[in-house]
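Report on the structure given below.
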Amino acid sequence: MLTSIGLPQTRAGGTARGGCKNSRGNGRRRAIEDDQNHDVDDRTDVSHIRRDGRTVGMLFNRVRGRDHDNLFRAFYNLNFRLNCIITQTRIYFHNELAEEHHKYILPYIHPEQIHSFHVNKENFQYSKFNQCINLRKLKFHSPDHPDLIYVQPSIFPYLKEFKIDVQEDSSLIYSQLCTMIFDNQFPVLQSVCLTYVKFGDLYLIKTWSTSLKHLTIKYCYKSAFYVLIENLPNLIHFDCKFVGLSPGSMKEANLSLRNLTLITCRKPLLYSKYNSSIGLDELFNIYQYLPNLQHTLLYVSDSHRLKTIVDKLNRVLSYCPRLKSFQCVINYCKESSKSIDDIKKRYPLFQNCEAIIWKHEEGIGYGCKITQHSLVKIESK
């Protein structure tokens, strides 16, 4: 290999340095012959390489004629050094894996290198998935993927972010996974996105997660919502859409929660069926236990007039003295006799808000959106 880049070889009867005068002359002649022979070989090699890749050929042209000692130090054991760099690199897959990843990347990397991974919707199984012990981020795109069984704290002890898209009532494995997540079994898990959560997944929990800070539940049963919001001590951000009509209430304050998104209305809203899975009166019971709330996004539906709804929203949000921004999307069925600007003027909380009203294209009724991007911070001593 060294001869392929023109390094002189030492032959019997002559050395690069030392020896008698004749041996020096013979050495020079032999070195010149070797260089000429190597030039011929290099040209042949470059011609062959250019058929496969022009970049490699350009590299050989650049190194030809360089100082041999420097070339030796630069390229000696290069494959080993490159492999060391490659095998120590952290690998993050931020999107679903394409076919090229399956064929040309996954088979040639160590599973311990993978720090972020996506399990595809297709029926693809990574044979070394349960060896990815350094995973920090994991997302499942498949509702019933067989690899879901490996999502356990003993296999992924460093998991910080987990997302999954599943169908409701998909499997017992999913329910068991929900229990492990909230039961403080993943010691550093901070962010979770789940499709649904039921009370049955929570009633056996004795020690609640202290690491969980960001929680998104696409469909959250009301009974589970109240249990979660009361028992997760360090929860900062909670997004969910209510399902189910079972009554519930909060009994203890959540002092850590800073961001809350609640979608309470049913869809589609057609033919004056403006009912929510939770009423505005029940929102009083939630927001009065969130004294440190700073941002909220609220979707509600109500059968009353807009004036009455805005009055109730004002009372709900007034429970949060540290509120900085909010957005309320309201669906209602009775046309308002007063404009939204006139209604806003009655409430200091809404006076500087952006507000728009529209009529629904499908069904009967109206919509209103009230937005406050930055509210003057009110400190409570």
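The values are calculated or read from the model by the stated rules, or taken from the named source; none is laboratory data. This structure is a prediction, so every number in the text was calculated from the model and none was measured. Cβ sites come from the backbone with ideal geometry, for glycine too, and all protein chains shown count toward neighbours. Areas reflect the complete protein model, heavy atoms only, side chains present, ligands, DNA and RNA absent. Shrake-Rupley method; radii C 1.70, N 1.55, O 1.52, S 1.80 Å.
Surface composition of the stretch 80-170: carbon and sulfur make up 50 percent of the accessible area, probe 1.4 Å.
Dipole of the stretch 133-212 computed with +1 at Lys/Arg Cβ and -1 at Asp/Glu Cβ about the Cα centre; of Ile164, Thr207, Cys178, farthest Cα towards the positive end is Thr207. Residue order by solvent-accessible surface for Tyr287, Tyr158 is Tyr158, Tyr287, largest first, with ligands and nucleic acids left out and a 1.4 Å probe. Counting every alpha-carbon pair across the stretch 90-233, the share separated by more than 21 Å comes to 41%.
Per-peptide packing, taken as the mean over residues of other Cβ atoms within 10 Å, places 91-101, 172-182 in the sequence 172-182, 91-101 from highest down.
Give me Rg/Rg_expected for the stretch 183-265, where Rg uses Cα atoms only and Rg_expected = 2.2 N^0.38 Å with N residues. Mind dumping the intermediate values first?
Numbers: Rg = 11.8 Å, N = 83, 2.2 N^0.38 = 11.8 Å.
My calculation over the Cα atoms of the stretch 183-265 gives 1.00.
Determine the alpha carbon to alpha carbon distance for each of Lys213/Lys241; Lys198/Lys218; Lys251/Lys369; Lys121/Lys222; Lys139/Lys160; Lys121/Lys213 and list only those over 21 Å. Among Lys213/Lys241; Lys198/Lys218; Lys251/Lys369; Lys121/Lys222; Lys139/Lys160; Lys121/Lys213, the Cα-Cα distance tops 21 Å for Lys251/Lys369; Lys121/Lys222; Lys121/Lys213.
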